[in-house]
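Every number here is computed from the coordinates shown, using simple stated rules; none is lab data. Fair warning: this is a prediction, and the values are worked out from it, not measured in the lab. So basically every Cβ, Gly included, is an ideal-geometry build from the backbone, and we count neighbours across all protein chains shown.
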Amino acid sequence: MFKVGLTGGIGCGKSTVSDLFKRHAVPIIDADEIAHTLVEPNSPALKQITTCFGKDCLSTAGYLNRTKLREIIFNQPQKKVQLEAIMHPLIYAEIEQQVQSLSSAYCIIAIPLLIETQMQASVDHILVVDCTEMEQIKRVQLRDQIKRVQLRDQINTQQINAIIHSQVSRERRLTEADSIINNNQDCTQLALQVRNLHHKFLKETA
Ligand SMILES: Nc1ncnc2c1ncn2[C@@H]1O[C@H](COP(=O)(O)OP(=O)(O)OP(=O)(O)O)[C@@H](O)[C@H]1O
Ligand SMILES: [Mg+2]
């Protein structure tokens, strides 16, 4: 199984690119989705998080309060390290499990923090989706406005900026890339780049 690690900064278009690969029937493994599933109520990961962060980070129904958790992390950087120490090994273990269950020529593994977690060696090819910082901020804000249902989970401009600067720089990420998707244009251009890459990966894995 040829593993393509898809990464990029916040709002650069990873999920959009994943959806485009999905249309070509490529299996997608999504680290964000895995992270969400791992912290379901009563899960071992959520119990560890509650021990570390207190019951404040839980809603009355026992769900993880992400807004609260984000606040804690921004104010106490050492807590971020602790959260990552709980989550990252579990996420990578689950990714490996999911890879084992696949039988296609290649798969896409969307891992926003692939480079930050220094897990480049866990994939065979690093695909970076890239856009300008201005586009990142604009798109994240617009996405939040559209997703009104998740209002409680919204992030403000200051938080978007803080996230961008907590991630590796755009330049550093690009130096790690085996392939780059330029997402400064419209979605038609994006779909074309994905189609070309899909054919390239199929050819290389044939
Ligand atoms: N080329 C584009 N033109 C216009 N809007 C775009 C384009 N690419 C992505 N978007 C929009 O920008 C927003 C961010 O894209 P997406 O959610 O795919 O980014 P992401 O990298 O997955 O973000 P995150 O790091 O938060 O998971 C979405 O609302 C998406 O629909
Ligand atoms: Mg995403």
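Tabulated data
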{"item": "Value of [θ]222 nm, deg cm²/dmol, for the chain, DSSP H segments ≥ 4, -39500 (n - 2.57) each, nearest 500", "result": "-17000 deg cm²/dmol"}
{"item": "Within-15-Å neighbourhood charge of ILE29 [Cβ basis; K, R +1; D, E -1]", "result": "-4"}
{"item": "Ordering of 1-10, 72-81 by burial proxy (mean other Cβ atoms within 10 Å per residue, highest first)", "result": "1-10, 72-81"}
{"item": "Label-to-label distance, nm, for residues given as ASN75 and ASP178 (7 Å Cα→Cβ offset)", "result": "4.4 nm"}
{"item": "Percent of alpha-carbon pairs separated by more than 30 Å within the chain", "result": "23 percent"}
{"item": "Using alpha-carbon coordinates, inclination of helix 133-146 to the longest axis of the chain, degrees", "result": "60 degrees"}
{"item": "Summed side-chain charge close to GLY54 - residues other than GLY54 whose Cβ falls under 12 Å, Lys, Arg +1, Asp, Glu -1", "result": "+2"}
{"item": "Candidate aspartates and glutamates - alpha carbon under 14 Å from LYS14, same-chain residues fewer than 8 apart omitted", "result": "ASP30, ASP32, GLU33, ASP130, GLU135"}
{"item": "Cut-off 13 Å between beta-carbons: net charge of the residues surrounding GLU135, Lys and Arg +1, Asp and Glu -1", "result": "+1"}
{"item": "Helix 157-166 axis, angle to the chain major axis (alpha carbon atoms, nearest 10°)", "result": "70 degrees"}
{"item": "Radius of gyration and Dmax over the Cα atoms of region 11-116, both given in Å", "result": "15.5, 45"}
